[in-house]
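Structure first, then comments.
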Amino acid sequence: MNVYKLYIEKLRVEAILGILESERENEQTILVDATIEYKKEGDHFVNYAYVADTIEKRLKYKKYGLIEDALKDIMLRLKEDYPMIDSIKMKISKPDILQNCTVGVERYKEY
């Protein structure tokens, strides 16, 4: 059985994410990095276009309050769609929310 790592790097999404009043009213730039480890069996694989689209759509339409909630929900969705996933490491960052730095949260989950 072959083990693979799929990388999504610097996925840029304009979305509502945050608990501050200004974050609830205006979309901001969100950056997402993900590493997904999985076992390929036969013709089954993890489709990177689907993964990127799923991340983008969930961020845009769910309008999460906390980054932690977004990470948990998106990772759960990906695992449901691809049971062969062994682990996911995902980081969501906000490059423009503070003037002097980029902030973000990372989550790692083994299945």
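Below is a table of values for the structure above.
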read-out	value
Boolean, R77 is farther than 30 Å from M1 by Cα and surrounded by 12 or more Cβ atoms within 10 Å (Cβ to Cβ)	no
Single match in V3, V46, V51 (criterion: within 17 Å of K109 (Cβ to Cβ) and in contact (Cβ under 8 Å) with a residue 60 or more places away in the chain)	V3
Test: residue in region 44-51 that is within 10 Å of the chain's Cα centre (by Cα) and over 18 Å from V103 (Cβ atoms)	yes
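All of the numbers you see were taken from the coordinates with simple rules; none came from a lab. This one's a predicted model, so the numbers in the text were calculated from it and none came from an experiment. Glycine gets a Cβ as well: all are built from the backbone with ideal geometry, and neighbour counts include every protein chain shown.
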